[in-house]
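Read the structure below first, then the notes.
The values are calculated or read from the model by the stated rules, or taken from the named source; none is laboratory data. Model, not experiment: these values are computed from the prediction. For neighbour counting, all protein chains shown are included, and Cβ atoms are generated from backbone atoms with ideal geometry for every residue, glycine included.
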Amino acid sequence: MKHIFFDIDRTIFNTDSWYETNRLKVVELFNSKYLTDGISTYEIFIGLLKQRGINKNTNIKKTIVELSQVLKLDEKEFLDDMIDIILTEDYTKLVYDGVFDFLEEIFGKFRVGIFSEGDPWFQNIKLDKSGLSKYFVKERKYYFKNKLVNIAALPTGCVLFDDSDKVGKAIECQRKDIIFKKVNKNYGIGEFNPVDIINEFKGMKYYE
Ligand SMILES: [Mg+2]
């Protein structure tokens, strides 16, 4: 049985939509609880995040605590409030249309896995709370700080779905055995037909 691996953000999960709804929730939190001028506090908060160079490798909880210190907010309360916002999101809604159908179709026919960057704590929240985690066993959830230097971790002859051109380039240079499927971040893997993927796989020399 062969492998199909998936990136999470902008491949199976609409991360941009998550950022938009959570931005509003954080502004609302500042407005209602911490300060009267929520928008400007939010701007300061985001400014601080940017200054720190927040990216996919950021430890989210640690960063929230550090920012609460700079903003002179109660650390524990602010962390709890922010985690509350993160946890109360409707994650199922943020999975692209067609992703569940796609996974249902290939599940059992392929070993499926995750190839992702990001804070593993938060990546697992996305999978667990959306209902996606039932498709992915722990041993095949690969979380790296930098995928580009960990291309070798992918199994021989697998398919990889990812929205990143850089990952696509790295595959092209380093792993001729892998079928790279470039995902459009507006649709995710929902726009692919799983039957086509299965048929394409059957033509590969690694299929057994
Ligand atoms: Mg991505």
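Selection of segment 96-142 for residues being buried (at least 20 other Cβ atoms within 10 Å of the Cβ), within 14 Å of the ligand (Cβ to nearest atom) and outside any helix (DSSP H, G or I) yields Y96, I114, F115, S116, E117, G118. Among the residues of segment 1-25, the ones that are over 22 Å from L160 (Cβ atoms) and in contact with an Asp or Glu (Cβ under 9 Å, 6 or more places away or on another chain) come to 4 in all. Could you grab me the full set of residues in segment 37-52 that are in a loop (DSSP other than H, G, I, E, B) and at pLDDT 65 or above? The answer is R52, and nothing else. A Cβ distance below 8 Å, combined with a sequence gap of six or more or placement on separate chains, defines the contacts here; from segment 120-132, residues that are farther than 16 Å from T11 by Cβ reach no residue that is in a helix (DSSP H, G or I) and of a type in the set (D, E).
Just give me the residues in segment 143-174 being of a type in the set (S, T, N, Q) and within 15 Å of the ligand (Cβ to nearest atom), in sequence order. Break it down into steps so the answer makes sense when it comes.
First pass over segment 143-174, keeping only residues of a type in the set (S, T, N, Q): 146, 150, 156, 164, 174.
Passing the criteria: N146, N150, S164.
Scanning segment 143-166 for residues that are part of a helix (DSSP H, G or I) and not small (G, A, S) turns up K147, L148, V149, I151, D165, K166.
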